[in-house]
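**Q** Quick one: structure below, then a few questions.
Rule-based calculations on the coordinates, nothing more; no lab input. Everything numeric in this text was worked out from a predicted model, so none of it was measured. Cβ placement follows ideal geometry from the backbone for every residue including glycine, while neighbour counts extend to all protein chains displayed.
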Amino acid sequence: MATTGIDEAMIATLVQRFYAAAREDPLLGPVFAQVRDWDTHIARITDFWSSVVLMSGRYHGNPLAAHQPFLLGEAHFSRWLGLWAETARASCPPSAAECFILLAQRIAASLSRALATPLGTPALEPNEAPAASDHRTRSHHLSPLPHSRKP
Ligand code: HEM
């Protein structure tokens, strides 16, 4: 990430600005209103991005389990990504912003797919036909999420 100039301070600023905006958003705000401890949430998300971008290994949570109670749909993900891109472009140099945006898009796609897949359903990639012999599990589905990455 050396070429993007991303460091811990940039991550902290982006995360704080993003959640300040997300809490005010008409679609996302009511979901985030359910967060009980914002200091803990912000610290966890900062650790998450530090692990994803700087490979610091600081994040040890489970994003899929954390989102399961909230019944998030495509509209939530689309708004989240739009706001993230807007905040990243306003807060970071262009190459850093594009890096944050691309990573968020990949993680959101993985999260959204996993949330839409009932437990025990074989995980299918786009354009992949179901096969009677397909016994793959949910864990295959989640490989792009950072909690499954080795530190
Ligand atoms: C679809 C829109 C989204 C909404 C409304 C949403 C909302 C939430 C909420 C309410 C929590 C629980 C916070 C708490 O009680 O502490 C949470 C946790 C979290 N979210 Fe999201 N989220 C969304 C998308 C995303 C995306 C796209 C990412 C990653 C790029 C992400 C990363 C995380 C992480 C890392 C946590 C902490 C999980 C843990 O507890 O370890 N979220 N989110």
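Rundown of residues vs (1) in contact (Cβ under 8 Å) with a residue 12 or more places away in the chain; (2) of a type in the set (D, E, K, R), yes/no style:
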position: H60; (1), (2): yes, no
position: F70; (1), (2): yes, no
position: S78; (1), (2): no, no
position: G82; (1), (2): no, no
position: A88; (1), (2): yes, no
position: S91; (1), (2): yes, no
position: A96; (1), (2): yes, no
position: I101; (1), (2): yes, no
position: R106; (1), (2): yes, yes
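**Q** Residues being within 17 Å of the chain's Cα centre (by Cα), in a helix (DSSP H, G or I) and farther than 17 Å from S91 by Cα: count how many of those fall in the range 1-37.
**A** So the count comes out to 4.
**Q** Moving on. In the set A114, A88, A97, A108, which member is near the ligand (Cβ under 7 Å from one of its atoms) and surrounded by 15 or more Cβ atoms within 10 Å (Cβ to Cβ)?
**A** A108
**Q** Limited to the range 85-113, what total is found for residues that are within 13 Å of R17 (Cα to Cα) and part of a helix (DSSP H, G or I)?
**A** Looking only at that region, the number is 7.
**Q** Also, I was wondering about something else. Kindly indicate the residue of the range 53-77 that is within 15 Å of F18 (Cβ to Cβ) and near the ligand (Cβ under 8 Å from one of its atoms) and also surrounded by the most Cβ atoms within 10 Å (Cβ to Cβ) among those meeting that condition.
**A** Restricting to residues being within 15 Å of F18 (Cβ to Cβ) and near the ligand (Cβ under 8 Å from one of its atoms), the top hit is H76.
**Q** Could you grab the pairs with beta carbons closer than 8 Å, sequence gap of 6+ or different chains, first residue in the range 20-39 and in contact (Cβ under 8 Å) with a residue 24 or more places away in the chain, second one assigned to a loop (DSSP other than H, G, I, E, B)?
**A** Qualifying pairs under 8 Å: A22/L28; V31/L72.
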